[in-house]
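The block underneath contains the structure these notes are about, expressed in structure tokens.
The values are calculated or read from the model by the stated rules, or taken from the named source; none is laboratory data. Remember, predicted model here, so these are calculated numbers, not experimental data. Here Cβ is always computed from backbone atoms with ideal geometry, including for glycine, and neighbour counts include all displayed protein chains. These accessible areas exclude ligands, DNA and RNA; they are computed on the full protein's heavy atoms, side chains included. Shrake-Rupley method; radii C 1.70, N 1.55, O 1.52, S 1.80 Å.
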Amino acid sequence: MRRWEKALLAVDRVLGAGESPSRLEVAAARHPVRVGVTGGTAMAVLIAAVLSGFGDAVVLFQAALTGAGFGLLAWAACRNARWLHAYYVRTGRYEAAQQKAVRASSLSRRAIILRMLGAWAVASGMFWLIAPHQDIPRSWLWSPAFGAGLLAISCATTWLIQKLSR
């Protein structure tokens, strides 16, 4: 069991999880059964709705089994997060991460512009893929325009949230 713990911590270190957990992560780690049951139930209902299987017993059974499997995976992930949080609190790793976050500088203008261009490209591609399935015009002009609109709304919302939180 000790090798499993070392491997898990090595993977966690590679993924860069050195910062302290968010409130949502802490809440999920404290209530793994609730997260598993809620996630599994939501998954089962969504699968049954997508397959239009509320009248078919076989589809309902398959949806219930898939939801139960998803719930068990969510429960196991939350138990793992609970163990990792306890381990990092014992070793003092979160305090070092909080000190680093206090000293961190804000992003440069170049990084912000590159991030916005990347988000615009992803949003434009998303609109290009969604357009045939919705009532959206599909062309090389409309997709980037919708992407720019979505990016502008996102930036305005972020700015408003930051301004109201001060």
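Brief remarks follow.
- Identity of the residue in the range 41-69, at pLDDT 85 or above and hydroxyl-bearing (S, T, Y), that ends up nearest to the chain's Cα centre (by Cα): T41
- Cβ pairs under 8 Å, 6+ apart, first in the range 139-166 and more than 18 Å from G125 (Cβ to Cβ), second part of a helix (DSSP H, G or I) and open to solvent by less than 100 Å² (accessible area, probe 1.4 Å): C155/M116
- Pairing each residue of the range 110-132 that is closer than 17 Å to I153 by Cβ and open to solvent by less than 60 Å² (accessible area, probe 1.4 Å) with any residue that is part of a helix (DSSP H, G or I) and not aliphatic (A, V, I, L, M), provided the two are 6+ apart or on different chains, yields C-beta distances under 6 Å for A123/G147; S124/S143; S124/P144; S124/G147; F127/S143; F127/F146; F127/G147.
- Neighbours by Cβ (under 6 Å, 6+ apart or cross-chain): first from the range 37-53, more than 12 Å from A68 (Cβ to Cβ); second surrounded by 13 or more Cβ atoms within 10 Å (Cβ to Cβ) and at pLDDT 90 or above: none
- Check on R23, closer than 12 Å to A81 by Cα and either modelled with pLDDT under 90 or not β-branched (V, I, T) (or both): no
- Test for S165: is it modelled with pLDDT of 75 or more, loosely packed, with under 10 Cβ neighbours inside 10 Å and either among the polar types (S, T, N, Q) or on the phi > 0 side of the Ramachandran plot (or both): yes
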